[in-house]
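Here the structure is laid out as structure tokens; the discussion comes afterwards.
Every read-out reported here was derived from the displayed coordinates using simple, explicitly stated rules and does not represent laboratory data. Just so it is clear, the structure is predicted and the values come from calculations on it, not from any experiment. No Cβ is skipped: glycine too gets one built from the backbone with ideal geometry, and neighbour counts run over all protein chains shown.
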Amino acid sequence: MEWVYTFAWLIPVLPLAAATLVGLGFISVPEWTKRQRLPVAALSIGTLAVTFVHSLLILSQAVGGHEAYTWQFEWAAMGGIVVPMGFTVDNLGAAMLTVVTGVALLVMIYSHGYMEHDPGYVRFFCYLSLFSCSMLGLVVSPNLIQIYVFWELVGMCSYLLVGFWFYKKAAADAAQKAFIVNRVGDFGLLLGILGVYSITRTFDFPGLAPAIQTAIESGAVPLALVVVYCLLVFMGPMAKSAQVPLHVWLPDAMEGPTPISALIHAATMVAAGVFLVARVFPVFSEVPGVLEVIAWTGAVTAFVGATIAITQNDIKKGLAYSTISQLGYMMMAMGVGAYGAGLFHLVTHACFKAMLFLGSGSVIHGVHDNQDMRLMGGLRKYMPITSATFLIGVLAISGIPPFSGFWSKDEILSAAFDHSLVLWGIGAFTAAITAFYMARMYLMTFEGAYRGENAAALTAVRAWRQNVDREGVVRGFASLPSFGPGAMHTDELAAHGHGEDHDHGEEHGHGGAPHESPWSMTLPLVVLAVPSILIGFVGLPWDNAFGHFLEEGSGYHGAEHAFELGHFLLIAGSSTLLSVGGIALAYYLYILRPELPGQIARRFEPVYLFFINKWNFDWLYEQAFVKTSRLLARGTLQVDQKGVDGVVNFSGLTTLLAGEGLKYFESGRAQFYVLIIFGSLLGLVALLGLL
Amino acid sequence: MSVPWLSLILFFPTLGALGLALLPGEVSYRFARVWALTVAGLTFLLSGLVAYNFDYTSTKPQFAETINWLPQLGISYNIAVDGLSLPLMLLTGLLVVLSILTSWQLNKRARLYYVLILLLSTGVLGAFMARDTILFFLAYEMELIPLYFLISIWGGKRREYAGTKFLLYTFLSGVALLVAFLSTYFFSGVNSFSIDVLANPASPYPLVFQFITLGLITFGFAIKMPLVPLHTWLPDAHVEAPTAVSVLLAGVLLKLGTYGIVRFGLGIFPEAAAQFAWLLSVLAAINVVYASLAAMAQTDIKKMIAYSSIAHMGYVVLGIASLNETGLGGAMFQMVSHGIISGLLFMLVGLIYEKAGTRELPKLGGLFATLPVVGAFFVGAAMANAGLPGMSGFVAEFMVFRGGIERYPVATVLCIFGIVLTAIYMLAMLARAFFGKLPANLETMPRVRAWEMIPATVLLVICVGLGLFPTLATGIFEPNVAELVQQLDARTVAQLPR
């Protein structure tokens, strides 16, 4: 079975071939290509199914103890610098490949149903294939340059897919924001790569850590510089995995079609940051302080994301903040040295979060393109499969045993507990909040009575819109829907019908009663439910198969924790208790006493406003960066148009020719021109002569 | 004597232009464009032939032709190509062909238009081939005249203003160069203007003299590139010029500036260059940041692209300033890549203007609905411009950054920040032009026909090709860059012992 390794390059190449084929069709015969819905879907799904099987074969070989396989060639060389490209498959890669191809395959099948009525159906599949290629290429990257290449490519695919409904202004803005925030991270990443290379003289992952270690030990490079380089590298994952303070793009990215939110913005691309940290983990763990920064960034992100998620009423936005929060857990795990635990959570999260997102898409589809949970409710009766799988997802993410999220979260919390009580405290408290807001989400959506055609609810939601100002900031609230606090983004609130995806309230009277989604959408939900329940058992605290699998492959051995029953019961027991408490509280507030949440929000108005305004990050960035850069740009233009005044003194000559001054010299008298030129030249020569 | 291949390439367009000009009677634009395309196509083919027979392991000037022209003055007709000029020669040949295709529909005084385009290509090719400073100067000045007329006759509303501004600036640049070349000639005392002779003087030029002449050369070429603050002629020229002329202007003419600094500045005055280089890195960083910021504030897409083109020339300068193989190689790569990407961007802007009748962002929007293919290409070009991997810009910029970071960390960091700025203004432009709602008055705009996309497709394919297989380009100039750096190191070490 050696060929499954030697031919692993096929895994990214096959989806690329599919994307290229469709892309060429689009360029040469666009109208015809647009009509080839089934063939294109079959091609995309087919190629991905093949890569999924291939990945499974690799995984089975890897589990059987196959060595890591790397193949590289010299891609570019200049002046003694050789940039290799190629592919590498080790145990970490094998696990990631399986997750990515599996989720991508299911999302594609799901998209066949979800995008059925969309005129951009074929384009959507083309982008999906392109994304799959980029993401898989990232996973098999054997060196920093190649991972940067694919890192940027997934960013571009994300841009294309978030902006898929190009006629929606909100989508265009979100796509742009996502790309630019990621660019800021990539700025750091690229600098970091260059910096690291200046020490290591290699881009290959295995060579990095030893070279850094040697450099530190020999004192060739100041330690502070190494720390700076590592933190610069970490800026990349910070943006891609939506860590505070570069998380602001992810919630907005929900403007993209829901399958995209599930695949890119929950399961795979956003996890790439965690994956990169895992790849360079041996380096980071050499350098003191770096892991500490990562751990705290993760913890803060987990907490911030969760607190904002409580206040969200848009089902996708809620899930987006939940994703941010969960990515924070993964980063925290990396930071406290629990490499295996972070990746384990990555895998379990990919399963249950993809399922939750696809479930939300099914709900949105079922209630005719509404995303506001205040206008849902009672959907369990209409959508039994969706609601059952969603419930599984909620229990998994809340960390209720024996669902998968319990095991991975427990492993993280246990590692955090050993590292720092404060980090553990944040993690455990966030777990309680997580259980609360996820239960709230489930209860608002699926339990109680259906409010989509309830006039009072519609009026209340409409009244709520008055609270949100033009900048998307909630200044205060005059009226509050009785069934729970919350607000959404102004763009969505202000305009109806700026897109098919969300038309709120008014329209769905025409759509009729909610309905369950077609099989192509429910099947992926059911399939994903299986690992969401069971996959935790590969990483049991007393028999951590997943952890051993990763460590065997990486050559990195984390601190071995002997299993202690007491320790386990303490951590797991407390977090389970907290989660159950969170769920119970949600049940109390949203089912038993639905009038309470509004009153609580009013009682603690400043806190509530702080959370619902997303800790004011967007507002702050708008003030600090967007406005400043606009001002700076306009200022530059002013300077430019007025004849680059500042620099004119330096050259002593442009003054006469630049900008507005020029027109006075179009006198047509050639002698005058020559005089000026000659005089200036003399001056210049004199000036240079003085130097 | 063997076939004078380079002279053929050089003068074939001139002959074609003369022929077209002298044809008796009325010449329809259909005939003129086919004529021009044939001439340009054959010229490009000949360049391809030269490239095919080029020895990529040698650093020597190849296909050299020398005729003693004015032996009393030491001026010779001396042309050749080496690894530094060959890629730019090929780029010129290609872009001339594509720019003729871009102006396929032009019928205002078409005969003169194509005559000028062909003359322009002779000028540019001559400058890249010249191995004699005076010959270079003549070619450099010769290219100026057709371009002036191309802008002043076929330009937009303020074409005369822009044309004159361009003429004055470039003239000034020429004067500075002439002074530098003449003084080098007198100082060297070898009675030769040959670059190869001047580059290896019997006794090295005194450092002060080097500083002055290198200063003049840098000043002259800085206008051409252009470097801030000598750049303001370029946005005006671009805005007024027709699409094809913008493509040539950004694609190849600006490269004369950076090529000139490498060829004459580093080649003849390495000692001064080594001391001067830090200043270039400062100018490069200013260029990138300043022009990017100015681009952000533009509402005319073409002006934005013009500023973006200025900003991206800054990467070439940073690469040159680094004085090492990776950086200089990156500078060479960026010259080619910039030619392709900015050419592509100007073509696409031209299509938008042609179809929508405006380039003003506030009047545009939702163009994906009417120009989907242009939109897709524009996304690709914008990404390429922002240094997205998989396309040529990334390779070039990465090499430049790698070359610069250790010598000039601050300037390089600022330049890297330029890729963030590029992403900001390119995406903001895409968002305003292609996303959102289509203005009602644009719903009936004409669509793009498939053949109109041919030039852009060629450039996009090359852009991706070089991005995926960078050795295609690096293989051409690597030996020469290596040699140049060796010389720099040897001369500077010998001259300036530390």
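Data for the structure
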{"read-out": "In degrees, nearest ten, helix B:409-433 long axis to first principal axis of chain B (Cα)", "value": "20 degrees"}
{"read-out": "Average partner coverage of B:401-413, which counts Cβ from other chains inside 10 Å", "value": "3"}
{"read-out": "Computed label-point distance, nm, for sites A:Ala42 and A:Ser285 using a 7 Å Cα→Cβ extension", "value": "4.9 nm"}
{"read-out": "Listed residues B:Gly393, B:Val485, B:Gly380: farthest to the positive end of the dipole of segment B:271-498 (Cβ charges)", "value": "B:Gly380"}
{"read-out": "Inter-chain shielding of B:210-223 (mean C-beta neighbours from other protein chains, 10 Å cut-off)", "value": "2"}
{"read-out": "Vicinal HN-Hα couplings computed from phi for segment A:351-365 (Karplus, 6.51 cos²θ - 1.76 cosθ + 1.60; Hz; Gly/Pro x)", "value": "5, 6, 6, 4, 5, 4, 5, 4, x, 5, x, 4, 5, 4, 4"}
{"read-out": "Derived scalar couplings ³J(HN,Hα) [segment A:24-40; Karplus, 6.51 cos²θ - 1.76 cosθ + 1.60; whole Hz; x for Gly, Pro]", "value": "4, x, 5, 6, 8, 10, x, 5, 5, 4, 4, 7, 7, 5, 5, x, 5"}
{"read-out": "Residue (of A:Ala309, A:Gly93, A:Ala271) at the positive-pole extreme of the protein assembly as shown, dipole from beta-carbon charges", "value": "A:Ala309"}
{"read-out": "Fraction of antiparallel bridges per DSSP, chain A only, in percent to nearest 5", "value": "95 percent"}
{"read-out": "With Cα atoms, 0 to 90° folded angle of helix B:372-385 axis to chain B main axis", "value": "30 degrees"}
{"read-out": "Size of electric dipole in segment B:365-498: Cβ of Lys, Arg +1 and of Asp, Glu -1, about Cα centre, debye, nearest 20", "value": "280 debye"}
{"read-out": "Cα-based helix-to-principal-axis angle, B:270-296 vs chain B, degrees rounded to 10", "value": "10 degrees"}
{"read-out": "Sites B:Ala369 and B:Ala202, calculated FRET efficiency, Cβ-Cβ separation with R0 51 Å, nearest 0.05", "value": "0.15"}
{"read-out": "Chain B shape via C-alpha gyration tensor axes, a/c threshold 1.5", "value": "oblate"}
{"read-out": "Rough spin-label spacing in nm, given labels placed 7 Å along Cα→Cβ, for A:Glu292 and B:Val3", "value": "7.2 nm"}
{"read-out": "Spatially proximal lysines relative to A:Lys353 (Cα-Cα < 20 Å; intrachain offsets below 8 disregarded)", "value": "A:Lys240, A:Lys316, A:Lys317, A:Lys409"}
{"read-out": "Links that overshoot a 28 Å alpha carbon limit, given the list B:Lys60/B:Lys165; B:Lys108/B:Lys165; A:Lys169/A:Lys627", "value": "B:Lys60/B:Lys165"}
{"read-out": "In Hz, Karplus ³J(HN,Hα) per residue of segment A:224-239 (6.51, -1.76, 1.60; θ = phi - 60°; x = Gly, Pro)", "value": "4, 5, 4, 4, 4, 4, 5, 5, 5, 4, 5, 4, x, x, 4, 6"}
{"read-out": "Unit charges on C-beta of K, R, D, E only; dipole of segment B:271-498, Debye", "value": "640 debye"}
{"read-out": "Mean separation of Cα contacts under 8 Å, 6 or more apart, over the residue count of chain A: relative contact order %", "value": "12 percent"}
{"read-out": "Charge dipole (chain A, unit charges on Cβ, about Cα centre) - positive-most of A:Ile612, A:Val228, A:Leu319", "value": "A:Ile612"}
{"read-out": "Sparse-neighbour loop sites [chymotrypsin sites (Phe, Trp or Tyr not before Pro); segment A:516-552; at most 10 other C-beta within 10 Å; DSSP]", "value": "A:Trp542"}
{"read-out": "Per-residue mean of C-beta atoms belonging to partner chains within 10 Å, peptide B:431-438", "value": "5"}
{"read-out": "Pairwise centroid distance, computed over Cα atoms, of segment A:58-124 with segment B:125-182, Å", "value": "52 Å"}
{"read-out": "Burial ranking of peptide ranges A:42-55, A:247-260, A:207-220, B:464-477 (average Cβ count within 10 Å, highest at the top)", "value": "A:247-260, A:42-55, B:464-477, A:207-220"}
